[in-house]
Each structure stands twice: as structure tokens, then as C-alpha cells.
Amino acid sequence: MRLTRRVVSFFYNYLNQLTVIMEKTKKSGTVKFFNGKEIPLEMHKVRIVQSIKLVPIERRLEAIREAGFNTFLLGTKDIFLDMLTDSGTNAMSDEQLSKMFVADDAYAGSQSFVKFQKSVADVFGKNLILPVHQGRAAENIISQTFVRKGSVIPMNYHFTTTLAHIQLNGGTVVELYTPEAMVIKSTHPFKGNIDIARLEELIVKNGAENVPFIRMEASTNLIGGQPFSMENMKDVRKVADKYKIIIVLDASLIGENAYFIKQREAAYQDSSIGAILNEMCSLSDIVYFSGRKVSSSRGGAICTNSKDLFNKMKDLVPLYEGFLTYGGISIREIEAMTVGLYETLQEDVVGQSPSFIKYAVQELDKLGLPVIMPGGALGCHVEAQTFLPQIPQSEYPAGALVAAFYLISGVRGMERGTLSSIRDEQGNDIYAELELMRLAFPRRVFTLSQVEYLIDRLNWLYKNRDLVGGLKFVEEPPVLRFFTGRLDATSPWPEKLIAKFRADFGDSL
Ligand code: F0G
């Protein structure tokens, strides 16, 4: 009996050690090519496909006019590569899809939710979970609960919906990024870090009682998907503890941030993604996320280990979202979210977009294009003021670049610059610090030849950049204007661009 136990325990330990060794040696993107090229290699195969079409450039001009030069208003029938966002557009795994068929549909007490709770506890180390229909719903609940008129909320950088919810509740956002964050071509590994000295100064100046929380955003979206380091997060924790302020972590892109910590922070190169995720969350009091991003599904959640914080937020869930065990999410999506969260533990999964982005960024850099470096999460970001120096910020250079790029390629990107910003009380545009065109790389969706097409067309546009002109608003909504606002070209530049395209490419699509 004792011998059997010994043998079992020996094999158990042996297997454990083997797993640790495999974890340590397994690094995505390390398959070397004989020809010396550095090419990201897909660790998945495509088994379900969707056809896409590239309509002729003349139709693309009609389409972008119909859309008021706003790529949010284009229909997918006119789009070749949809790089608007990775939100809700990441490819799902076969495991995720299969679990959707065993969903335990129930208004209250669904066992699918119990599985989801367990996945959040396993992956993020938080046991109390409030489901919400997507990330901004979490921001609504957190802001309504903690933000008051006069509140000041420091963060590494804002996200559009975060800012809107905090302002709606009377709060002010203060961004405390470090100077490297605004350097376009940099080698700094953690441009998403918060400036610790300025954080402490801000708290002292405003009084800790007016700072309801410090917000850290993983893979900081609007400055090019740039991560923060664990060291930085630990320093934030020290400040938070000193002044007794809670930390809210936006974990919508946490998998990629963990991947970058493993790749770029020496102390973590042998840690598993799971251990890094757990540590990042353990340094935060509240973690929230958009399931549309982190778990390649739909949905979202807020989680914490504090009963007190949980109770403060809890009652808003049935009011705005749905009952506490579904939160406005279809139960099928809760099943998909559960599997998707576990999949963020895999380096191949969370490293897929970053490795493709790195490839695109490096190739575009070789061609001399102004791209945000180092490559981050979410997408490849092209800096529009260097690309189109002839367009003043008042004529939205990033918006013009996005429209022009759609026109000449059928690729839909997103403006992340002054158009996505707001006006001040006098009605003047508040100019964005960075004017970016974001080309999102949803996980496992595009192939490398499609990325080559993107690089080729972007290079052509760069060579012909003098032909691109500005945009002006013709219809401007007061809130989140970039979603539904309509614009027009300030001159007939789109027609000139088409003429040059035809001269260079003949009858090519
Ligand atoms: N936080 C971050 C960092 C995000 O990137 C997003 C959404 C949200 C919160 C809001 O989540 O869309 O589920 O309500 N980002 C999308 C994007 C929209 O395209 O970058 P949501």
C-alpha cells in the first residue's frame, strides 16, 4: 500500500516538474526560420471561415461618402479587412463554441454562472463577481458607486467610455503617464507606466478623501496598446496603501499586458502567464473587464475580494444589467467567456496579436512610416501628424488618414485622435496629444498575407501622402461624437487619390 502511494507520488511529482519545465521552455514566437526571417507562426488552424470581398475603389469612395467619412458608419459589405476593433471580433476557439451548446439557461441561479465564477477566481484570484453586459457597463457601476462631484481620478491613461462615465458623475480624470508614453518611436518596454512621483503629488494636492480610486489600464489602449510593468504596479500599490486609496484595474487587455511582462521584465521571464495575471490582480482591489476583448466572447464583469466593495456596487447590477447571475449577458456567452478566460493563460493565445503587430510595425518602420514603437497590444498604430503634416489638427489628420486608407485599401481602421476627443466649454476642439490611426488585430482572425497587403497599401499611401487633405464636421453629436458624427472632405482630395491609384495599379481592386 505504502509502495503504491510512493510510486503514485513519484509519478505525480515527475509530471509536475515536467509541466514546469515545459512552461519554462515554451515561448511563443521562438520557432526559428532557416532563412533567418522573423515571422510570427500561427499556433492554431482555421476550420471555419467567412468570405470577404474587396469592392472596387470607386465603390469605396461612394461608401465612405455615405458613411460621412466616418468608418464606424461603413457597412461590412464594403469592407475587406475589418480592423476597426478587436472588441467582440476575436476568433473563438472550438472549445468556446462547443460549450455554448451546454449553457444552463436560467434567469437566476444558472450553473453556467457558477462555472464563470470559478474561472474568474482561478484566473484573476477574485471570488466576488458581478456580471455586466460589457466593459462600459462596469465603468457605469464603478463610477456611480465611487465618483462624486469634485472627485479626482488619477490613471495611466483614459479610455473613451471610462472618461465619459467619470465625467457624467462629476469627476475629473488626471492622466499621469510618463514622458516616454508620447515618444512615437521608442524602445521603452513599458510606455503604459504611471508616473509614481506625480501620482503622490496629485493625492497630496487634492487630498486622499477626494481620490476615490486610482485606475490602471492594462495594455493602455489609446496610447498604442502599451503595457505597464509589474514593478510599476507594485509602486502604485505602495502609494495606494500609504493614502488608503483603492486601485481599480481595467483588465480588458490584461492577457497581452501579462505577455509583455513575461517578454520584457527580467524578473518574470520564467513565470507563467497565469502567475503574472494573478499577481497583477492581487495588487488591485477591484478588477473589471470587457469580455469582448479579454475572453474573445461578449460580456464583462467586475470582481473583488472585498465584501464591502462588492456590497456597495451589487444593487446596481439588477437595476442596469440583469439579475446577479447573468448581468445582461446571454448564458451562452457566459459559457464562452468562462473558456475564454482560461485560454488567456496560454502564451500562444495572448501572444498572437502582439506577435503579428510586432511584425507589421517592424516592416512599416523599415519603410520609414511613422508607427508607434515598440509594437503593443490590440493593433498597429500609425501616427497621423508625421504622416500628413499638411493637415492641421483642426482638420482631423487621424480621421483623414483613416478615411484615405479605407479608400485605397478597403481596410477599416479607427480614428484615435482629436475626433475621438471632446470640445471645451467654449466649443473649441481639445486637441489630442497623439493623432493615431489604429489598425486592430483581433486575435487569430487575419493571415500574414493579409498583413502583407496592409503593409503594401500603407506604403503606397505614404508615398502619395501629399494628395490627402483634411475633414470637417457636417453633423456633430455632443457626446462620444466619433461614433456617429458625419464629416466631409475639405477639398476634392479623395478623387485625386483615386486617379493616382488607377494610374499606379491599373484595374487592380
Ligand atoms: N476599457 C478598455 C481598455 C477598452 O479597450 C474598452 C473597449 C472598454 C474599457 C469598454 O469595453 O466596449 O466592452 O464596453 N474598447 C473597444 C475598442 C471598444 O475598440 O478599443 P466595452
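For T490, list long-range residues whose amide hydrogen, built 1.01 Å from N in the peptide plane, is under 5 Å from its own amide hydrogen.
Hits under the 5 Å cutoff: G470, L471, K472.
Give the percent of DSSP beta bridges with both residues in the chain that are antiparallel, rounded to the nearest 5.
If I count the DSSP bridges inside the chain, around 60 percent turn out antiparallel.
For region 94-345, calculate the relative contact order in percent as a whole number, restricting contacts to Cα pairs under 8 Å that are 6 or more residues apart.
With pairs under 8 Å counted, the relative contact order is 31 percent.
Structure shown: which of K77/K262; K45/K366; K358/K463; K53/K191; K191/K496; K115/K242 lie over 32 Å apart, alpha-carbon to alpha-carbon?
Over 32 Å Cα-Cα: K77/K262; K53/K191; K191/K496; K115/K242.
Which of T220, T145, V236 sits farthest toward the positive end of the charge dipole of region 143-244, with +1 on the Cβ of Lys and Arg and -1 on the Cβ of Asp and Glu?
T145
Nothing charged except the Cβ atoms of Lys and Arg (+1) and of Asp and Glu (-1): what's the magnitude of the dipole of region 208-312 about its Cα centre? Round to the nearest 20 debye.
In total the dipole reaches around 240 debye.
Please determine, in degrees from 0 to 90 and to the nearest 10, the orientation of helix 2-25 with respect to the longest principal axis defined by the Cα atoms of the chain, where the helix direction is its Cα long axis.
Long axis of 2-25 versus the principal axis of the chain: about 20 degrees.
Counting pairs of alpha carbon atoms under 8 Å apart in space and at least six apart in sequence, what relative contact order in percent does region 444-509 give?
26
Would you please give the residues with an amide H less than 5 Å from that of I153, counting only those at least 5 places away or on a separate chain, with H modeled from the backbone geometry?
The list, which skips near neighbours in sequence, is T172, V173, V174.
At 0.36 nm per residue, minus the direct Cα-Cα distance, what do L509 and L480 gain on full extension? Give it in nm, one decimal, please.
Taking 0.36 nm per residue and subtracting the Cα distance, the gain is 7.1 nm.
Please report the net charge: other residues with Cβ closer than 14 Å to the Cβ of L471, K and R +1, D and E -1.
-3
Can you give the net charge of the other residues whose Cβ lies under 14 Å from the Cβ of T344, counting K and R as +1 and D and E as -1?
So the environment of T344 carries a net charge of -2.
Quick one: angle between helix 196-206 and the longest Cα principal axis of the chain, in degrees between 0 and 90, rounded to 10, please.
90
Might you report the magnitude of the Cβ-based charge dipole of the chain about its Cα centre, with Lys and Arg at +1 and Asp and Glu at -1, to the nearest 20 debye?
1160
How high is the relative contact order of the chain, in percent, counting Cα pairs under 8 Å that sit 6 or more residues apart?
Computed value for the chain: 21 percent relative contact order.
Just name one of S98, M313, Q167: the one whose Cα is farthest towards the positive end of the charge dipole of region 94-345 (beta-carbon charges, Lys/Arg +1, Asp/Glu -1).
Q167
Of R502, R481, R444, how do they rank once you tally other Cβ atoms within 10 Å and put the fewest first?
Least crowded to most crowded, the residues run R502, R481, R444.
Lys and Arg at +1, Asp and Glu at -1: add these up for the other residues within a Cβ distance under 9 Å of I331 and post the number.
Within the 9 Å Cβ shell, the charges total -3.
Calculate, in whole percent, how much of the Cα-Cα pair population of region 94-345 lies beyond 29 Å.
Value for region 94-345: 26 percent of Cα pairs lie more than 29 Å apart.
Going by how many other Cβ atoms sit within 10 Å of their own, how do V173, V350, V46 line up, fewest first?
Listing V173, V350, V46 from fewest to most nearby Cβ atoms yields V46, V173, V350.
If neighbour count is taken as other Cβ atoms inside 10 Å, put C380, C303 in order from fewest to most.
C303, C380
From the residues A67, G88, Y107, which one has its Cα farthest along the dipole of region 45-120 in the positive direction, the dipole being from +1 and -1 charges on Cβ of Lys/Arg and Asp/Glu about the Cα centre?
G88
Please report the Cα spread of the chain along all three principal axes, rounded to whole Å, starting with the longest.
Projected onto its principal axes, the Cα set of the chain covers 83, 59, 46 Å.
Bear in mind that the values in this text are calculations on the coordinates, not laboratory data. Worth saying up front: this structure is predicted, and the values here are computed from it rather than measured. Glycine gets a Cβ as well: all are built from the backbone with ideal geometry, and neighbour counts include every protein chain shown.
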